[in-house]
Amino acid sequence: MAALHVSALAEPMPGDQSPVRAGTTPHRLARRVERRQRRLAMVDPSARLAHRQRRRSLRAFVAGGDLPTFLTVPVVYSLVVPFAVMDAWVMVFQALCFRAWGLPRVRRRPYFVFDRRKLAYLNGLEKINCVYCAYTNGLLAYIREVAARTEQYWCPIRHGRRVRDPHGHYPSFVPYGDADAYRQTLPELRRALVTEPQGVPRHAGRTQP
């Protein structure tokens, strides 16, 4: 079945009072198309039927793969054990350390989204793969937030070199080499972990040097 054209996907759904306006940027249009595709995949019976028709059988899926990829499967899934251990240990870490420091624990649940398994065009093996990827990437994002808050509590100092893709707390850290700012700002940064929803001072917004 041919994929729906972008212009058709951009048309408003029944009850949608926000038609595409003249001058809509490609980025906004792409976001609208993605939102419409998501809604169709969840609620539209004809879209789900079309998706089921695009589903590959397990036999065809396995037969269409290549041997090197197949041989890496045990290696990929072997990580589930260390990831599960790390998951449990980070929960223990928060229960002990964050409580001792008087910090609220990072909520684990928002970091884990398992909705791709509902897509009708995925076969059983693909759904398992998607669940596994959602878990591992969600876990790493969750751990990164725990680590970021720990860093803000103990060492909120920006590095002397530019950091690639720093976490969301990093811009609020004090500049490298500014001893006075560190001593003056450390209590405020620690308080923010308790008083601010995101754990970042409201005035934070400084960029990396």
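What follows is calculated from the coordinates using simple rules that are stated; it is not laboratory data. Bear in mind the structure is a predicted one, so any value in this text is a computation, not a measurement. No Cβ is skipped: glycine too gets one built from the backbone with ideal geometry, and neighbour counts run over all protein chains shown.
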message: Once you order the gyration tensor axes a ≥ b ≥ c over the Cα atoms, which shape class does segment 109-209 get: rounded for a/c under 1.5, otherwise prolate or oblate by comparing a/b with b/c?
response: prolate
- request: Using a Förster distance of 25 angstrom, determine the FRET efficiency expected from the C-beta separation of ARG28 and ASP115, and round it to 0.05.
  value: 0.60
task: Label segment 66-119 by shape, choosing from rounded, prolate and oblate, from the square roots a ≥ b ≥ c of the eigenvalues of the Cα gyration tensor; if a/c is under 1.5 it is rounded, and otherwise prolate applies when a/b is larger than b/c, oblate when it is not.
output: oblate
message: What does the extension gain come out to for CYS133 and VAL194, with contour length at 0.36 nm per residue minus their alpha carbon separation?
response: 18.8 nm
query: What distance in nm separates the simple spin-label points at GLN184 and ALA95, each placed 7 Å from Cα in the Cβ direction?
result: 4.2
task: DSSP loop (so not H, G, I, E, B), at most 10 other Cβ within 10 Å: list which trypsin sites (Lys or Arg not before Pro) in segment 89-171 pass both filters.
output: ARG107, ARG161, ARG162, ARG164
field: Projected-area mean, segment 155-209, by convex hull of Cα positions, square nanometres
entry: 3.7
statement: Per DSSP, the loop-located chymotrypsin sites (Phe, Trp or Tyr not before Pro) within segment 83-173 having at most 15 other beta carbons within 10 Å are PHE112, PHE114, TYR121
